Every structure is written in C-alpha cells, then in structure tokens.
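Participant: Dropping a structure here in structure tokens format, bear with me for questions.
The values are calculated or read from the model by the stated rules, or taken from the named source; none is laboratory data. None of the values given here were measured: they were computed from a predicted structure. Please note: Cβ atoms are built from the backbone with ideal geometry, for glycine as well, and neighbour counts cover all protein chains shown.
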Amino acid sequence: MIEKGVMAPSKVERKRSFSIKNNRQPEFATVHRVKIEDVNQIYEVACSVGTAIKDPYKGFLIDDYLSDPEYYKNMFAKAAEELDHFYVAKREGRILGFLMAYPKDKLLEIDPTWLDEIVWDPDFDYGEKTKNFVLVGKTAIRSSLTGKGIGSLLYTRLIRDVKAKGINDLFGETVINPVPNFASLAFRIKQNYKLAGIRYGNYKGRKVTDLIYHRHI
C-alpha cells in the first residue's frame, strides 16, 4: 500500500535478458531500473490491474488508478526519480510489468508506524529479521500477461541487487480484506515466502487487512 518513496538512483544499470515461458513460444524481456519516460506505460499497467472492481483470482492493486490519472502518474514519476529498487520488464519497447520496493529506512520515512502496526507470529523472530530489510510495495503485470513468469523475472533482479547490498530479508504485503487477493497469495507461496504476521489499518478511508510475508534470501 506504499505510494511513494525517497532514494537516490543507483549509479550503474545493467540490462539482463530473460526467457518468459508461455503455452506457445518463449518471449524475451529485459529487466532494468525504471526511467522517467516509462511512466505512461507503467500507469497503463497499473490501470489494467488497479480499478474499482477487484478480482481476487486475477490479482489486483488496491488503488483505483483510473480515478485520478494525474495524481498517479506524478506518483510514479516521483518514484522513478527517487526510488532505487523500481524495475520494469520490457519486450520490444513495451512494458509488461513493474516492481517497486522500499528499504527499511525509506519505508519508515513514509510510514513510520508500519512495524508497530503488525501483529507478529509468535514463532517469527521479527527482532532479528527486521534489522535491515526491503519491503516489496507494488508488483503489477499487465492483466493479459499474468502467469507467464514476468513477476519472477522482476524478483530475480530485485534479489540480485538487494543481496549485493548485504540485505537478506524481504517482506511483502497481501490484502485479505475487504477483498482477498488470492493471486498474490499464490505468488507468495511460489516465491517461498512465509507468513510472519498480520496488519490492520486504514487506507484512504477504508479498513484494510494485510498478511505480512517474509522471505530470507
């Protein structure tokens, strides 16, 4: 549910090509850090899975991006300029999906009570595992391209960069109320996340319940 972040851009960007498997033939995507010129396509991707109607089986972003195009484009533009771990997957110039993630210090600048609002699993060692971490704030794939491995490609790049900084703990949030995001839950299992806690809060006037997942990388 994080909407913006503040971080200096990385100095060196490397592009990597990955194969995306589908039922017919491989497609090829390049994963790289976002550029400001990507914003309009990123907004298109967000609109494809972030509308007023939430489909729990196809996955969704919690916002209705169609409701205020200027606001959301500005939000993505700000993140593109300031957020280090903001990636896009492209094929032939078309953005297929994106991922935004926040290191602990920047997360707590934006949402100072995030850690305090979580009801932790009694068996989860949150004291140790929250010393230095990254939270995956948003992952979105064009609605027509879900299930083709694009999200996994984005995670591969994120994990590579995060581990290079000596960070070994990832967190993610999955909405279960007011509408459960079953597609996101399935992806957490696929990515070997473990349930760490639950968080109750208000988001833009709505009561929202999130499951908090953790992955050691």
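Participant: Among the aliphatic types (A, V, I, L, M), farther than 17 Å from Lys138 by Cα and in contact (Cβ under 8 Å) with a residue 40 or more places away in the chain - does that describe any residue in segment 32-49?
Facilitator: Yes, there is a match, as at least one residue in segment 32-49 is among the aliphatic types (A, V, I, L, M), farther than 17 Å from Lys138 by Cα and in contact (Cβ under 8 Å) with a residue 40 or more places away in the chain.
Participant: Could you run through segment 170-217 and say how many residues are of a type in the set (Phe, Trp, Tyr) and either modelled with pLDDT under 90 or touching a Pro at 6+ places or on another chain (Cβ under 7 Å) (or both)?
Facilitator: Counting residues in segment 170-217 that are of a type in the set (Phe, Trp, Tyr) and either modelled with pLDDT under 90 or touching a Pro at 6+ places or on another chain (Cβ under 7 Å) (or both) gives 2.
Residues are listed down the side, and each one gets a yes or a no for (1) under 25 Å from Tyr87 (Cβ atoms); (2) part of a loop (DSSP other than H, G, I, E, B); (3) touching a residue at least 12 places away in the same chain (Cβ under 8 Å):
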position: Val119; (1), (2), (3): no, no, yes
position: Gly172; (1), (2), (3): yes, no, yes
position: Val179; (1), (2), (3): no, yes, yes
position: Leu185; (1), (2), (3): yes, no, yes
position: Arg215; (1), (2), (3): yes, no, yes
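Participant: So Lys131 passes all but one of these: (1) among the basic types (Lys, Arg); (2) part of a helix (DSSP H, G or I); (3) farther than 28 Å from Asn40 by Cα. Which condition number does it fail?
Facilitator: (2)
Participant: Tally up the residues in segment 59-75 that are under 25 Å from Val134 (Cβ atoms), over 13 Å from the mean Cα position of the chain (by Cα) and either among the aromatic types (Phe, Trp, Tyr) or in a loop (DSSP other than H, G, I, E, B) (or both), please.
Facilitator: Result for segment 59-75: 3.
Participant: Any residue in segment 67-83 that's on the phi < 0 side of the Ramachandran plot: show its pairings with residues that are in a helix (DSSP H, G or I) and surrounded by fewer than 17 Cβ atoms within 10 Å (Cβ to Cβ) at Cβ separation under 8 Å, as long as the two are six or more apart or on different chains.
Facilitator: Lys73/Asn40; Ala77/Ile36; Ala80/Ile36; Glu81/Ile36
Participant: Can you name the number of the only condition in (1) part of a loop (DSSP other than H, G, I, E, B); (2) of a type outside the set (Asp, Glu); (3) surrounded by fewer than 20 Cβ atoms within 10 Å (Cβ to Cβ); (4) within 18 Å of the chain's Cα centre (by Cα) that Pro112 fails?
Facilitator: With respect to (1) part of a loop (DSSP other than H, G, I, E, B); (2) of a type outside the set (Asp, Glu); (3) surrounded by fewer than 20 Cβ atoms within 10 Å (Cβ to Cβ); (4) within 18 Å of the chain's Cα centre (by Cα), Pro112 is out only on (4).
Participant: Which condition number does Gly97 fail, the rest of (1) in a helix (DSSP H, G or I); (2) modelled with pLDDT of 95 or more being met?
Facilitator: For Gly97, the failing item is (1).
Every residue, every condition in (1) under 24 Å from Thr51 (Cβ atoms); (2) surrounded by 21 or more Cβ atoms within 10 Å (Cβ to Cβ), yes or no:
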| position | (1), (2) |
| --- | --- |
| Gly151 | yes, yes |
| Tyr155 | no, yes |
| Lys165 | no, no |
| Asn168 | no, no |
| His214 | no, yes |
